[in-house]
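Working notes, structure below.
Nothing in this text is a laboratory measurement; each read-out follows from the coordinates by a stated rule. A quick note: this is a predicted structure, and the numbers were derived from the prediction, not measured. Don't worry about glycine lacking a Cβ; one is built from the backbone with ideal geometry, like all the others, and counts go over all protein chains shown.
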C-alpha cells in the first residue's frame, strides 16, 4: 500500500472514530464470508458501521487521536471494528447474540464515550438499555404521576356520583 493510500485510510479511521459514540473490537477469526455479510447487514440496520482495517493503520489513527491507549494491545490477529452512532449498545447485543450462537466473533473490548470496557464486560454492555428504551422509561415515569392524579380524581367523582345516587334512592323511597 502506498504512503498516500495509507494516509487516506488513517484519516478515514480518525473520522469514523470521531463521529462514533462507541468503538467495539472483535476477533472475526473463523467467521465465514456469508456470516460476515449477514452481520454487516444487521449492524447497518441498527445504524452501526462495521469495518476491517489493517491493525497497524488503526493503531496509528488512535495514536494520532489520543485517549484510546487501552485498545492498542487488542490489535492482534483478525480484528474487526464496529462504530456505533446513536445506539451505542446495539453492537454489544449483536456481537453477544452471534457469539452465543456460534462461539465465534469474540469481543475484544470497546470504548463507550471515553470509558474502556474489556472483553469480560460484553454481558454488561449487552444488557444496557438502548437510548430509545431509556427515553421510553423516562417518559413513562413522567406520565405515571399524571395518570395517578387522573385516576384519583376519577375515583372521587365516581364516589360522589354513587353517594348522590344513594341519596336520591333514599329520598324516592
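Please rank 49, 56, fewest neighbouring Cβ atoms within 10 Å first, as an exposure proxy.
Fewest-to-most Cβ neighbours within 10 Å comes out as 56, 49.
Classify the stretch 3-128: rounded, prolate or oblate, from the alpha-carbon gyration tensor (a ≥ b ≥ c, eigenvalue square roots; a/c under 1.5 rounded; otherwise prolate if a/b is larger than b/c)?
prolate
Say R0 is 25 Å: what FRET efficiency, to the nearest 0.05, do residue 115 and residue 40 get from their beta-carbon distance?
0.45
Arrange the following residues from fewest to most other Cβ atoms within 10 Å of their Cβ: 65, 71.
So the ranking, lowest neighbour count to highest, is 65, 71.
Indicate the gyration tensor shape class of the stretch 86-137 (rounded, prolate or oblate), computed on the Cα atoms with a ≥ b ≥ c the square roots of the eigenvalues: a/c under 1.5 is rounded; otherwise a/b larger than b/c is prolate and the rest oblate.
Oblate is the answer for the stretch 86-137, as a/c is 1.5 or above yet b/c matches or exceeds a/b.
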